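All of the numbers you see were taken from the coordinates with simple rules; none came from a lab. Note that the structure is a prediction, hence the values are computed from the model and not measured. Quick reminder, even Gly has a Cβ in these numbers, built from the backbone with ideal geometry, and neighbours come from all protein chains shown.
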Amino acid sequence: MSTQQRNHRDGSVGAIVVAAGLSRRMGSTDKVFLPLLGRTLVGYSLQTLNDSPNVDSIVLVTSPDRMDRARDLVSESTWEKVAAVCTGGVRRQDSVKNGLEQMADVTWVIVHDAARPFVDEGIITRGLQEVRHTGAAVSAVPVKDTIKSANSDGVVTQTLDRTRLWHVQTPQMFAIDVLREAHSRISEDVTDDAFMVERIGGTVRVFAGSYGNFKITTPQDVTLAEGVLKARQAMG
């Protein structure tokens, strides 16, 4: 692989794709294997990461009851970079930790949620450029709406400065030693891996994600995703 193709500092890159959620807001639908115009939901991010010249290996983390299906999906694909499929844990952070245990000897690690099918190479490149500064970087987009804080009675207590607020997404990028240390030291529930790094005193930077890199959470999101894919197909 040429140096022109690689946009991050020297060192190999692994990716953990987290597909072990319970899909509670999707009712009885298993969103990870939900078909979207001929491809499973998880297949979109796996394809993008597999095709990326910046990514060397991939670990897919899924729930125990999906293991056979996940392995079949990988074996029937052309994703030669998927090195392992492993089971997740009770919490998302447990699933990431399991993925780390299966990860090859890499310098940098990308953590991405399978429920975000529209990650693209631009996001991956920007993240791998940014993570080298502090060892932790997250894709994010600026908050568009006015955000207010309210008390338990529903009374507004503060209007926040939205110019300093970000909607955080995945992928999130880390020096693998930083992420492993965070997982070894933090056991309480956290919302994402970056928060774990913050809790151990690490510095996390934000980099430009994409409003199009949205998360599939509800049936309405599926309809939106199908519309995006159809529009892309129509544009060639």
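Here are a few things to note about the model shown:
- Of all complete DSSP H helices in the chain, those with a Cα span along the helix axis of 15 Å or greater and a mean Kyte-Doolittle hydropathy of -0.5 or more are 41-51, 219-234.
- Identified option (computed semi-axes √(5λ) of the Cα gyration tensor in Å; candidates [x] 41, 23, 16; [y] 26, 23, 19; [z] 39, 18, 15): [y]
- R0 of 35 Å, Cβ-Cβ distance D153-L224: FRET efficiency to nearest 0.05: 0.55
- The alpha-carbon of K97 sits under 29 angstrom from the alpha-carbons of these lysines, leaving out residues fewer than 8 places away in its chain: K31, K81, K215.
- Beta bridge orientation in the chain: antiparallel %, DSSP, nearest 5: 40
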